[in-house]
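Let me begin by presenting the structure, written as structure tokens, before commenting on it.
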Amino acid sequence: MSTIAARFSPYLWTRTPINSQPRRFSTSSFGRDEQSIEQEAERKVGWLLKLIFAGTATVIGYQIFPYMGDNLMQQSVSLLQVKDPLFKRMGASRLARFAIDDERRMKIVEIGGAQHLLNMLESARDDRTRKEALKALFAISKSDAAAVVLHQAGAISIIKSTLESGEDAEVGNYKSNLLSRFQDLSYDIRS
């Protein structure tokens, strides 16, 4: 075996290549081209990922947000029908926050929120519940059309029969503001 290795070793180890002219590549320009291609590819992939994220967020937004407006108003009105005063206060507070323009105020009236708020005010046993009901009614009454509906539902007599609070002055403030709002609309508040 060693004799075979001795015979082939000159051929294996000292063999010269057939094409003896070395190829010379410009490593500096090749490296720059490769780096610029990589940077451009990374930039394009980054933009692609950003577009995919933005598209996904848009699709999810269109699936979720339409339900937030009317559905939350409906849920808030449903909270007014529960027996627990805490949930009633939460529903009234939400409705007061939703009542920011005439369209939303009328939407609250249309889904029965105004009548439920009046029922809540009439049956309220504590000052915090009365205050939230009066606050929501005051926010709704800023629309003239909603104030007409409140008047037709007997809001003036319910508001006048609401007990004054010795602890919370805001109850009296909301009560007087509501009565003055009805008086501004030329409704007789003496009845």
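Bear in mind these aren't lab numbers, they're just calculated from the coordinates by the rules spelled out. Predicted, not measured: the structure shown is a model, and the values here were computed from it. Every residue, glycine as well, gets a Cβ built from its backbone with ideal geometry; the counts of neighbours run over all protein chains shown.
Can you return the lysines within cross-link range of Lys175? Criterion is Cα-Cα under 28 Å, with same-chain partners fewer than 8 residues away left out.
Cα-Cα hits under 28 Å: Lys83, Lys88, Lys107, Lys131, Lys135, Lys142, Lys160.
Starting from region 75-153, pick out the trypsin sites (Lys or Arg not before Pro) whose DSSP state is loop and whose Cβ has at most 12 other Cβ atoms within 10 Å.
Counting only loop positions with at most 12 other Cβ atoms within 10 Å, the trypsin sites (Lys or Arg not before Pro) in region 75-153 are Lys83, Arg125.
Between Asp33 and Leu49, what is the label-to-label distance in nm when each label sits 7 Å out along the Cα-to-Cβ direction?
Result for the modelled spin labels: 2.8 nm.
Where the centroid of each part is defined by its Cα atoms, how far is region 91-124 from region 151-180 in Å?
15 Å
Of all trypsin sites (Lys or Arg not before Pro) in region 149-191, which ones are in loop regions per DSSP and have a Cβ with at most 16 other Cβ atoms within 10 Å?
Here the sparse-neighbourhood loop sites are Arg190.
From the phi angles alone, apply the Karplus equation (6.51, -1.76, 1.60; θ = phi - 60°) to region 119-131 and give each ³J(HN,Hα) in whole Hz, x where the residue is Gly or Pro.
These are the phi-based 3J(HN,Hα) values: 5, 5, 5, 5, 9, 5, 10, 10, 5, 5, 5, 4, 4 Hz.
Between the DSSP loop rule and a limit of at most 11 other Cβ atoms within 10 Å, which GluC sites (Glu not before Pro) in region 106-191 are left?
Filter output for region 106-191: Glu164, Glu167.
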